[in-house]
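The structure appears below as structure tokens.
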Amino acid sequence: MKLAAFDIEISKILPANVTNFKEHAPLGISCAAAAFSDKPEVTFWQGVPKLNRSEAGQLVGELMQFVDEDYTLLTWNGCSFDFFVLGQESGLVEECGRLALNHIDLMLLVAFTKGHYLGLDKALAGAGLSGKLKTVTLSDGTTIKDMDGAKAPQLWAAGEHQAVLEYLQGDVSQLIKLADAIKRHKAIRWTSNSGRPQSVPAERLLPVRECFNIPEPDVTWMSNPPARAQFVDWIPGHQ
């Protein structure tokens with residue numbers, strides 16, 4: 001299976017500690033990237049201050065071309081976030097919905113099996129891989145040692161494009177390595193906040209469509225578990 005890991009960074013600067021991104025839509029796309037399982041090059045898309053509708057549409061077209069070339073798209077929480085944003089920004093909601101339903105969202109495997117979200121860093125650590133890129137250098141030589149996605153919009157607006165692209169490249173490159181580790185171990189592994197080893201079996205990497213066949217877990221002990229519908233409520237016909 002040839003994989004193309006995909007991720008975006010939004011352009012809208014949001015208040016601190018936002019948890020429901022959809023409430024702040026439209027979010028804009030400053031840049032996006034794709035890394036591939038069979039070649040070292042990373043493909044980037046970028047716009048200043050953000051991708052316009054035509055450029056976002058071209059991005060959708062290129063992702064569809066990757067699929068035509070027998071790549072399976074791969075994300076971490078892309079069904080609920082990346083493809084939702086791309087659908088809004090491009091106006092191609094139905095096309096992005098098809099891409100979302102037919103791609104592999106590794107985070108969704110965890111959410112549908114365990115009933116809760118999982119951060120990419122925890123999954124990377126569980127696979128014995130280095131985590132998300134934390135250190136980036138700005139154009140004036142300043143070093144940021146606690147880089148995360150929340151800082152990307154402000155840095156992009158300040159013209160620090162290379163730092164954001166470097167951070168984004170780290171995410172998609174590590175996602176390819178994570179998928180490879182999951183295929184070898186046939187599981188997604190991580191350590192809970194209480195220090196207990198956790199895992200989700202993954203005999204194969206399921207596309208989003210097939211994730212809905214996973215038996216629903218017991219979530220009665222959780223205070224606010226995510227409903228399955230909220231991952232696809234933006235896709236026409238899947239409200």
All but one of (1) modelled with pLDDT of 95 or more; (2) more than 24 Å from Lys186 (Cβ to Cβ); (3) of a type in the set (D, E, K, R) hold for Asp105, so report the exception by its number. (2)
When Lys2 is evaluated against the numbered criteria (1) closer than 20 Å to Gly149 by Cα; (2) in contact with a Phe, Trp or Tyr (Cβ under 6 Å, 6 or more places away or on another chain); (3) among the basic types (Lys, Arg), which criterion, by number, is the only one it fails? (1)
Unique residue being within 18 Å of Ala4 (Cβ to Cβ) and either touching a strand residue (DSSP E or B) at 6+ places or on another chain (Cβ under 6 Å) or not acidic (Asp, Glu) (or both) when the list is Ser37, Ser30: Ser37
Checking Pro236 against (1) more than 20 Å from the chain's Cα centre (by Cα); (2) farther than 30 Å from Gly91 by Cβ, which test does it fail? (2)
Residue satisfying condition, being within 24 Å of Asp82 (Cα to Cα) and in contact (Cβ under 8 Å) with a residue 12 or more places away in the chain, within set Ala123, Ala158: Ala123
Note on the range 202-233: residues over 25 Å from Glu95 (Cβ atoms), loosely packed, with under 14 Cβ neighbours inside 10 Å and more than 20 Å from the chain's Cα centre (by Cα) are Glu203, Pro215, Glu216, Asp218, Thr220, Trp221, Met222, Ser223, Asn224
Spot the failing condition for Lys2; the list is (1) over 21 Å from Trp156 (Cβ atoms); (2) under 14 Å from the mean Cα position of the chain (by Cα), and only one is missed. (2)
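The values are calculated or read from the model by the stated rules, or taken from the named source; none is laboratory data. As the structure is a prediction and not an experimental result, all values here were calculated from the model. Reconstructed Cβ throughout: ideal geometry from the backbone, glycine too, with neighbour counts over all protein chains shown.
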